[in-house]
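For reference, the structure is listed below as structure tokens.
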Amino acid sequence: MENKKSVLKKLHREAGEAIEQYSMIEGGDNIMVCLSGGKDSYTLLHMLLHFQKVAPIQFELIAVNLDQKQPGFPEEVLPTYLSKLKVPYKIIEKNTYKVVMDKTPEGKTTCSLCSRLRRGTLYEAAKDLGCNKIALGHHRDDILETFLLNFFFSGKLETMPPKFLNDAKDLEILRPLSLCKESDIQQYTNQMNFPIIPCNLCGSQENLQRKKVKQMIVDWETEFPDRSSIMMNALSNVFPSHLLDKNLYNFKELKGKDLSSLV
């Protein structure tokens, strides 16, 4: 019991820090919580339900699931679970599975197209539901993995920010679990016995670059404990003058003092 209370307290603290540090929630917000049926989104929902009870401000939550019509998807799991929790919810049915499978060449990963289709559908749903913010379940490990993927394979310093605006600038996208470790989320999930729904669309693709990067981080962490925490600190401790982006820092106007008058 003590261990259960410990991980829950830690998740509450870290999610609370992310919400406060990045000014995620304000009074009167109507937040759409994206619920996939995986461990991260279940944890996200429970964190936000906790803060909805204890926060000094009032905000609304609605859980939304996109039923992508994956083969064998257990349609009854989430409605049953959410009804027991007495959480407002909406299930959106859209056969993005067929689109992804038809459009993705054999041997290629489905994640990119799947993500774009899912994102567009959820943005549209948020507007229809009158939500001004969307909460996603990405955690600290996702942020680090994305940073390294972009660094190694895309040639850019970029990752998942804790908070950003969609392209239309009319929705705030939040990641309240940004400071939470995946291992803590997994432990909490095991304790809560969430009814996990596996992703049959992309979960079986073993050769994804993300999985390789994830293993690389695990190996580093084994050899150099707390390496991930140091990397997270680095993402919040940026010196543009010590990088190479001339659009971010005005190198052209950078000049030393004129010493000719001293000669």
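Just so it is clear, none of the values below were taken in a lab; they were calculated from the coordinates. Owing to the predicted nature of the structure, the values given are computational and were not obtained by experimental measurement. Neighbour counts are summed over all protein chains in view; Cβ atoms, including those assigned to glycine, are modelled from backbone coordinates with ideal geometry.
A few notes on this one:
- Environment charge of Glu145, counting only residues whose C-beta is closer than 11 Å and scoring Lys/Arg +1, Asp/Glu -1: +2
- Fluctuation leader among Ala63, Ala18, Ala168 - the chain, Gaussian network, Cα springs under 10 angstrom: Ala168
- Cβ-based charge dipole, the stretch 2-238, positive-most Cα from Gly38, Ser178, Ile230: Gly38
- Counted as membrane-span-like here are DSSP H helices of the chain whose alpha-carbon atoms extend 20 Å or more along the helix's own axis and whose Kyte-Doolittle mean is -0.5 or above; these are 39-54, 111-128.
- Whole-Å distance, taken between Cα centres, linking the stretch 112-181 and the stretch 30-76: 15
- Rounded to the nearest 20 debye, the dipole magnitude of the chain is 100 debye, with +1 charges on Lys and Arg beta carbons, -1 on Asp and Glu beta carbons, and the Cα centre as origin.
- GNM remark for the chain: springs join alpha carbons under 10 Å apart, and the peak mean-square fluctuation among Leu177, Leu248, Leu129 falls on Leu248.
- Residue exposure sequence - His46, His12, His138 - by fewest surrounding Cβ within 10 Å: His12, His46, His138
- Size descriptor, Kirkwood hydrodynamic radius, that averages inverse alpha-carbon separations across the stretch 124-263, Å: 18.7
- Positive-end residue, the chain charge dipole about Cα centroid, Cβ charges, pick of Tyr81, Tyr188, Leu208: Leu208
- For semi-axes √(5λ) of the Cα gyration tensor in Å, the candidate list reads (i) 35, 23, 21; (ii) 30, 30, 21; (iii) 34, 23, 15; the entry that matches the value derived from this model is (i).
- Within a Gaussian network of the chain (alpha carbon springs, distance under 10 Å), most fluctuating of Lys211, Lys94, Lys84: Lys84
- Ranked Met192, Met160, criterion: other C-beta atoms within 10 Å, fewest first: Met192, Met160
- The region of the chain that goes longest without hitting one of the GluC sites (Glu not before Pro) in a DSSP loop, each with at most 13 other Cβ atoms within 10 Å, is 107-157.
- Environment charge of Ala126, counting only residues whose C-beta is closer than 13 Å and scoring Lys/Arg +1, Asp/Glu -1: -1
- 23 Å Cα-Cα reach of Lys53 towards lysines, excluding residues that sit fewer than 8 places from it in its own chain: Lys4, Lys5, Lys9, Lys10, Lys39, Lys84, Lys86, Lys90, Lys133, Lys163
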